[in-house]
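The values are calculated or read from the model by the stated rules, or taken from the named source; none is laboratory data. This is a predicted model, so every value here is computed, not measured. Because the Cβ atoms are built from the backbone with ideal geometry, glycine has one as well, and the counts that use them run over all protein chains shown.
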Amino acid sequence: MKQLTRSRMRVLATAGAALAIATGVMTAAAAQSSPARVAALGRVAIAGTKPAWATAKSQLRGAAAKVAAGGGTVTATVYLAGQDPSGLAAYAAAVSTPGNARYGHYLSAGQAMARFGPTGAQIGAVEGWLTGAGLRVTGVSDEIGGYVRVSGSVAQAARAFGVTFGAFRGPDTSVDRAPEEAASAPAGLAADVLTVSGLDTARDMMRPQDALPPPGQNYWDAGPCSAYWGQKIATDEPTAYGFYQPWTTCGYTPRQLRSAYGVAFSGMTGKGQTVAVVDAYASPTMLADANEYATATGDQPFRPGQYTQDLAGSWRDTAPKGCDAPSWYGEETLDVEAVHGMAPDANVVYVGAASCTDQDFASALAMIVRQHLASIVTDSWSEPADQASITRVYDTIFEAGATEGIGFFFASGDNGYEDPAYEDGSSNRIQVDYPAASPWVTSVGGTSLAVGMFGNYEFETSWGTLLDPLSRNGRSWADATPGDESLYYDGSSGGGVSTVYSQPWYQRDVVPRSLATALPNGTTSRTPMRVVPDVSADADPSTGMLVGETLYEPNDRTLGFSLSRVGGTSLASAIFAGIEADAQQAARHPIGFANPVIYSLTRTFAFHDVTDHPFGPGYVAMVRDNYTDPYTQAGPQVTWLRTLGIDGQGASALPAVRGYDDATGVGSPASYIQSFEGFRHSPHGHSHRHPPHRH
């Protein structure tokens, strides 16, 4: 999760065409947008293939927007549904649900592929359809979530997919080509197609690069700060809510987090488990940084062979205006160090996608399932739900992973609801993030955690912070009144109600119906919907974890290893993934897709029930100093009051209340690991794997 001077969730680029853009309207033989017209031509529309941003309002018209027939090039990817998609979902649910006769009876990767992967006949039929329209096949993947990739002219693509191409003002404000209607496939092949990507050019890919750019600058934390919650009180600053407030923490160590979340008490270390970390690109100093960090914080470095990497063959879209490759180095470093910190004996495999696009991330996840690289996967990236281009592909990969006993964990987001009124300029409405909203992943939200002097858990609130500056005379805070829209919003745990997915079986009787039917646009759904997050863990950058990374020093000339305090739901997801490895060690078999088990434990001591007001009415706050320029340690320090437990405001507010809520889910780990001691008697089946916040 990229961190500049304010909180921002790492947003995926929409997977776009790889070659030249045709900035006009293509009016070659193409089907009309009406469903009746499509049906009359013996075709079936493919859902999700018309970008949400390609509207009549954003469309460009006139002579400048027109191109001659056949102008431009399209590189499209047709994703394959494989065999028995409904059977895949049913099997994934059965093996993941305690009490089901199939619970824990996982398939091997080969068995899953043979049962649910695409057949040679399906691939051949799709290739025949596309080449028949004149397109050239440039790549084929026969795995679950596989595809047929083709290239050709705009005219050939229009003929193959039955669309008219138009020019639109895209989400990045540039001129982009996109279909004016949903793509379609011949009726006899429609069941074999999940979706199509690459028909729009919202993110034009750079050429592959053999080398990655160097890292960026460190974000330097200013003092004073506390080694644990409340160690130092800001008695020289004004009071707030009737009390002198504590100075922010310096950043917790993994040892403190293991103690607070019950890992130390359990005695588990993740031994025998493998966790995959998935991000874009690969920091050139990842392993060295993780080992130096472990030593600096009193833990053991990775043993030889305990950490491995599986990287893309080449890199794409690395430039600052693209995916900004160096901004991902801190993200993946945080993820690796947090997983290792929570499960010191677990194996960690880092999987580096070729870019930050949907297509490349899906390829990385499909590879994990195909090779069964790990049984736990943590991911710290997302995009607003309406910008996700290949959700059906992702969900198929997640379902396939569940059949093999693989659990996917995703950061829920760092802006509450994705609300354009606050910090998420990439979103055009109040909405949840994807893939965190998929019913087939565990969405991990964020908290502000107080760890005591002895590593004891003191309390948590939902992560949601309002900043109040010191007044000019230094005798008061400018306006310490939560709810005042003039206060500075500084990030919060992602969550909310999906408008796409109905309520999954495991959330019934746990998520209140009044919450599950309250859509973000203010209307009420007739049926309950999927609500996120599922669980939560520490994410507040002011109560975050120390992270060590090699970055440029304040002089911007020399590289050096440094420690800094980091937060974001990327931290929360990695923390929970590490704890999941400990839980699997306790259970002595893979937990797999964890949500059915997690929700079955909601009325036990497995989780802390996190609320916004842990001490009753009133607010929890802290004081923090920042450098004016934290990248160079320049300028005078600026003092802020940070009021906690305010996750969004107005229509996008996500209050943390008793029981399940859409800020922290069922809560944070308490005796979660110990809950799996009772699962030992039935080891079923056979198991055969957003840049962080530094402000």
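Quick grid of which residues meet (1) under 19 Å from L365 (Cβ atoms); (2) β-branched (V, I, T):
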| site | (1), (2) |
| --- | --- |
| Q83 | no, no |
| G99 | no, no |
| L107 | yes, no |
| M113 | yes, no |
| F116 | yes, no |
| I123 | no, yes |
| V126 | no, yes |
| V140 | yes, yes |
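Which helices (runs of 4 or more DSSP H) sit wholly inside the stretch 230-303 and have at least 1 residues that are closer than 24 Å to Y672 by Cα?
254-260, 263-266
What is the one condition in (1) more than 28 Å from Q633 (Cβ to Cβ); (2) hydrophobic (A, V, I, L, M, F, W, C); (3) buried (at least 20 other Cβ atoms within 10 Å of the Cβ); (4) within 21 Å of the chain's Cα centre (by Cα) that V547 does not satisfy?
Only one criterion is unmet by V547, namely (1).
Those residues that are within 30 Å of the chain's Cα centre (by Cα) and in a loop (DSSP other than H, G, I, E, B), I need them from the stretch 142-170; list them, please.
Listed by number, the residues that qualify are D142, E143, I144, G145, G146, G170.
Surrounded by fewer than 24 Cβ atoms within 10 Å (Cβ to Cβ) and at pLDDT 95 or above: is that true of T248 in this structure?
No; evaluated as a whole, the condition is false for this residue.
Please go through the stretch 619-653 and give me each residue that is under 24 Å from T447 (Cα atoms), out of contact with any Asp or Glu (no Cβ under 8 Å at 6 or more places or on another chain) and in a loop (DSSP other than H, G, I, E, B), ordered by number.
Y619, V620 - these are the residues of the stretch 619-653 that are under 24 Å from T447 (Cα atoms), out of contact with any Asp or Glu (no Cβ under 8 Å at 6 or more places or on another chain) and in a loop (DSSP other than H, G, I, E, B).
Residues are listed down the side, and each one gets a yes or a no for (1) surrounded by fewer than 20 Cβ atoms within 10 Å (Cβ to Cβ); (2) modelled with pLDDT under 90; (3) assigned by TED's automatic domain parsing to the domain that holds Y631:
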position: T173; (1), (2), (3): yes, yes, no
position: S184; (1), (2), (3): no, no, no
position: A187; (1), (2), (3): yes, no, no
position: R203; (1), (2), (3): no, yes, no
position: A222; (1), (2), (3): yes, yes, no
position: G230; (1), (2), (3): yes, no, no
position: P238; (1), (2), (3): yes, no, no
position: F243; (1), (2), (3): yes, no, no
position: G262; (1), (2), (3): no, no, yes
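If you go through the stretch 404-413 one residue at a time, do you hit one that is surrounded by fewer than 24 Cβ atoms within 10 Å (Cβ to Cβ), of a type in the set (A, V, I, L, M, F, W, C) and not in a strand (DSSP E or B)?
No; the residues of the stretch 404-413 include none that is surrounded by fewer than 24 Cβ atoms within 10 Å (Cβ to Cβ), of a type in the set (A, V, I, L, M, F, W, C) and not in a strand (DSSP E or B).
When the residues of the stretch 303-352 are filtered to those that are at pLDDT below 95 and hydroxyl-bearing (S, T, Y), which remaining residue is nearest to P171 (Cα to Cα)?
So, considering only residues that are at pLDDT below 95 and hydroxyl-bearing (S, T, Y), the one nearest to P171 (Cα to Cα) is T318.
Out of all the residues in the stretch 324-346, which are part of a loop (DSSP other than H, G, I, E, B) and either out of contact with any helix residue (DSSP H, G or I) (no Cβ under 9 Å at 6 or more places or on another chain) or surrounded by fewer than 19 Cβ atoms within 10 Å (Cβ to Cβ) (or both)?
Result: D324, A325, D345.
Kindly provide the set of residues from the stretch 301-322 that are surrounded by 24 or more Cβ atoms within 10 Å (Cβ to Cβ) and in contact with a Leu (Cβ under 9 Å, 6 or more places away or on another chain), ordered by number.
Of everything in the stretch 301-322, just one residue is surrounded by 24 or more Cβ atoms within 10 Å (Cβ to Cβ) and in contact with a Leu (Cβ under 9 Å, 6 or more places away or on another chain), namely W315.
Can you tell me how many residues in the stretch 601-621 are touching a Phe, Trp or Tyr at 6+ places or on another chain (Cβ under 8 Å) and either under 19 Å from Y506 (Cβ atoms) or of a type in the set (S, T, N, Q) (or both)?
The number of residues fulfilling the criteria is 4.
Within the stretch 82-116, track down each residue that is under 24 Å from G188 (Cα atoms) and surrounded by 21 or more Cβ atoms within 10 Å (Cβ to Cβ).
G82, L88, M113, F116
Here is a yes/no grid of residues against (1) under 27 Å from F409 (Cβ atoms); (2) in a loop (DSSP other than H, G, I, E, B); (3) of a type outside the set (D, E, K, R):
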site	(1), (2), (3)
V497	yes, no, yes
D509	yes, yes, no
G522	no, yes, yes
S536	yes, no, yes
L551	yes, no, yes
D556	no, yes, no
S562	no, no, yes
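With respect to the numbered conditions (1) surrounded by fewer than 24 Cβ atoms within 10 Å (Cβ to Cβ); (2) under 27 Å from the mean Cα position of the chain (by Cα), which one is the sole condition not fulfilled by F615?
So the condition that F615 fails would be (2).
Taking the condition of being of a type in the set (A, V, I, L, M, F, W, C), in contact with a strand residue (DSSP E or B) (Cβ under 9 Å, 6 or more places away or on another chain) and surrounded by fewer than 17 Cβ atoms within 10 Å (Cβ to Cβ), how many residues in the stretch 623-652 meet it?
2
Using beta carbons and a limit of 6 Å, which pairs, at least six apart or on different chains, have the first residue in the stretch 393-408 and assigned by TED's automatic domain parsing to the domain that holds M367 and under 14 Å from S108 (Cα atoms) and the second one hydrophobic (A, V, I, L, M, F, W, C) and modelled with pLDDT under 95?
These pairs meet every condition: A400/I144.
Conditions first: (1) of a type outside the set (S, T, Y); (2) within 15 Å of S427 (Cα to Cα); (3) crowded, with 24+ Cβ neighbours inside 10 Å. D386 passes all but one, so which condition is the exception?
Of the numbered conditions (1) of a type outside the set (S, T, Y); (2) within 15 Å of S427 (Cα to Cα); (3) crowded, with 24+ Cβ neighbours inside 10 Å, the odd one out for D386 is (3).
Being surrounded by 23 or more Cβ atoms within 10 Å (Cβ to Cβ) and more than 18 Å from P435 (Cβ to Cβ) is the filter here, so list the residues in the stretch 491-534 that pass it.
G491, S492, V511, A516
Using the structure shown, decide if F454 is part of a loop (DSSP other than H, G, I, E, B) and either closer than 27 Å to S671 by Cα or modelled with pLDDT of 95 or more (or both).
yes
Can you tell me which residue is nearest to the chain's Cα centre (by Cα) among those in the stretch 468-490 that are modelled with pLDDT of 85 or more and crowded, with 20+ Cβ neighbours inside 10 Å?
So, considering only residues that are modelled with pLDDT of 85 or more and crowded, with 20+ Cβ neighbours inside 10 Å, the one nearest to the chain's Cα centre (by Cα) is D468.
Hey, could you check the stretch 357-380 for residues that are part of a loop (DSSP other than H, G, I, E, B) and in contact with an Asp or Glu (Cβ under 7 Å, 6 or more places away or on another chain) and say which is nearest to A90 (Cα to Cα)?
H372
For residues in the stretch 585-639 being on the phi > 0 side of the Ramachandran plot and out of contact with any Ser or Thr (no Cβ under 7 Å at 6 or more places or on another chain), which is modelled with the highest pLDDT?
Applying the filter and picking the extreme gives R588.
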